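Beneath this line is the structure, given in structure tokens, with notes to follow.
The values are calculated or read from the model by the stated rules, or taken from the named source; none is laboratory data. Just so it is clear, the structure is predicted and the values come from calculations on it, not from any experiment. Cβ: placed from backbone, ideal geometry, glycine included. Neighbour counts: every protein chain shown. For the accessible areas, the whole protein counts, side chains as well, though only heavy atoms, and no ligand, DNA or RNA atoms are used. Shrake-Rupley method; radii C 1.70, N 1.55, O 1.52, S 1.80 Å.
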Amino acid sequence: MLLQVVPTINNSSLIQPGFSLLNFNGHVFFFGQKGWPKRSCPTGVFLLDFKPNELKMKPAAFSKDSCYLPPLRYPALCTLRGSAESDECQYIIHGGKTPNNDLSDKIYLMSLVSKTSKKTTFQCIEKDLGGDVPEARYGHTINIIYSRGKSVSVLFGGRMYTPLAQRTTENWNSVVDCLPSVFLIDFEFGCCTSYMLPELQDGLAFHVSLARNDIVYILGGHSLRNNTRAPSLYRLKIDLPLGSPSVTCSILPGGISVSSAIVTQTSDTEFVLVGGYQSDNQKRLVCNTIVLEDGRVEIIERASPDWTPDIKHCRIWFGCDMGKGSVLMGIPGASKQLVSDANYFYILRCKGAEEDKEEVAAQFCSHTLTEHLGDSTPFEDSEEFGFSAEASSFDVAENDTYNEDDEDDDSETGYWITCSASCNVDINTWVPFYSTELNKPAMILCSKGDGHWVHAQCMDLSESMLLHLSEANIKYFCNEHVDLNKGLQTPKKLVQLKNQPIKPLHKKAAMKLTTPVKKSFLRRLFE
């Protein structure tokens with residue numbers, strides 16, 4: 001096992017705990033940045049480009065028929081293929097934390113539409129599910145199994161906020177283990193089914209899950225209720241006959257007490273497990289080989305790399321699978337570098353120094369010492385998921401990379417201004433309010449004076465009214481100037497009705513219109 005130092009990472013402040021990587025056709029894409037995306041990369045998805053001395057990031061785009069995808073930390077991800085042998089794949093993204101620390105219960109399907117040297121375009125679709133839909137959570141896993149020519153995803157574990165009915169002032173923002181339910185999700189029909197198995201008694205989070213054919217192995221994990229990392233190893237077998245699916249669970253011996261471990265695949269049946277924690281105050285420096293073959297699992301301890309003194313003595317560490325038997329690992333560098341968000345990164349090659357030297361890909365999950373660890377379990381923010389990813393040197397233009405210094409100061413101008421005294425739009429906490437919004441708030445021009453822009457949400461405009469004002473050729477005045485506008489308006493001129501004078505009736509005409517009886521009376525009247 002060979003440990004190498006990673007060159008400088010450009011704009012590493014975007015790479016924060018809990019982000020993910022997506023691998024499409026050997027190209028690795030970063031997802032789950034710190035904070036909400038800016039207009040330099042409204043999707044929040046970047047192509048990672050390794051250069052000799054640094055790692056550069058190139059923004060990716062979404063197709064017009066894509067939905068909004070917020071930057072999610074600690075989601076569950078896996079690849080969805082048409083068959084076990086298919087090369088074309090989509091990514092399933094479920095759950096995770098938003099930059100506001102809200103938990104998501106949505107599930108997305110993300111696929112690659114096109115890629116050129118200048119631009120990469122994805123399609124992201126939110127999938128509607130019915131049945132036993134999993135609750136919002138993070139720190140869980142999702143895998144795809146294949147049985148009888150069909151496939152289904154298996155979701156398990158994670159953490160959630162305390163249910164509203166159980167919250168008190170003291171535990172209002174506390175997290176708890178999700179129920180140890182196993183969810184089967186059929187994406188073809190959009191239905192979910194949950195199973196409670198007697199062998200699964202405690203909820204787990206930040207565990208390792210490996211799938212092969214129709215079996216999912218669940219290894220390790222942390223339980224908040226017991227504050228333990230039990231040496232557990234579960235075997236879930238899923239059968240997909242013509243009728244209802246069958247799910248069985250077996251408890252196997254030889255498990256490992258670990259959470260936040262990283263797994264990389266070195267062959268068709270062999271995996272290497274590195275990193276993680278064996279207790280709240282102790283990192284796990286031992287490495288293991290995991291062999292999945294013929295419906296059985298074997299875990300063997302293997303020689304560990306020569307860890308550097310910085311890795312040995314740091315309080316926390318983190319990392320993810322890079323693919324092809326390599327793992328990217330990192331330690332906080334806040335006390336040693338000028339940039340507080342920066343970290344030191346290493347590449348651990350588990351296949352040997354002579355193999356796959358030219359295959360450089362990355363999956364980072366960084367963590368700083370300044371993260372708040374006391375709100376839930378220790379090391380929570382360093383526990384994340386890894387999956388296989390491989391990439392070679394990317395053919396991209398030098399001037400097409402993302403540069404955080406090129407961002408305009410949106411706090412002073414643009415969409416993130418303080419539009420009024422009651423403005424509540426904050427660049428760090430804003431979430432889309434209207435269906436037409438993607439990565440910036442909707443604004444409307446107030447016609448007072450030379451005009452100024454205000455946020456439609458701050459003006460309490462409904463979506464239908466906002467669309468009407470944008471389409472109609474009429475002036476709009478904000479809440480602060482609408483009264484002034486009324487006072488300056490000239491009252492509409494009222495059209496007065498002209499009173500037509502009644503013409504006097506001629507004597508001869510009157511005599512013709514009357515009866516003979518009244519003629520004598522009219523003759524006296526006109527006389």
What number comes out for accessible area per residue over region 2-353 if the probe is 1.4 Å? Units Å², please. 41
Can you run phi through the Karplus equation (6.51, -1.76, 1.60; θ = phi - 60°) for region 72-77 and list ³J(HN,Hα) in whole Hz, with x for Gly and Pro? 10, 9, 6, x, 9, 10
What is region 2-353 by shape, rounded, prolate or oblate, if you read a ≥ b ≥ c off the alpha carbon gyration tensor as root eigenvalues and call it rounded for a/c under 1.5, prolate for a/b larger than b/c, and oblate otherwise? rounded
³J(HN,Hα) computed for each position of region 219-229 - Karplus, 6.51 cos²θ - 1.76 cosθ + 1.60, integer Hz, glycine/proline x: 10, x, x, 10, 10, 6, 4, 9, 6, 10, 10
Once L197 and F433 are pulled to full extension, the length gained, defined as 0.36 nm per residue separation minus their Cα-Cα distance, is 80.9 nm
Looks like region 1-82, by Cα gyration tensor root eigenvalues a ≥ b ≥ c and the a/c under 1.5 rounded cutoff (else prolate when a/b is bigger than b/c, oblate otherwise), is prolate
Selection from S20, P7, L233 lying farthest towards where the dipole of region 2-353 points positive, charges on Cβ: P7
With Rh as the Kirkwood radius over Cα pairs, region 77-173 has Rg/Rh of 1.07
Computing the accessible area with a 1.4 Å probe over protein heavy atoms, can you report the carbon and sulfur percentage for region 90-150? 42
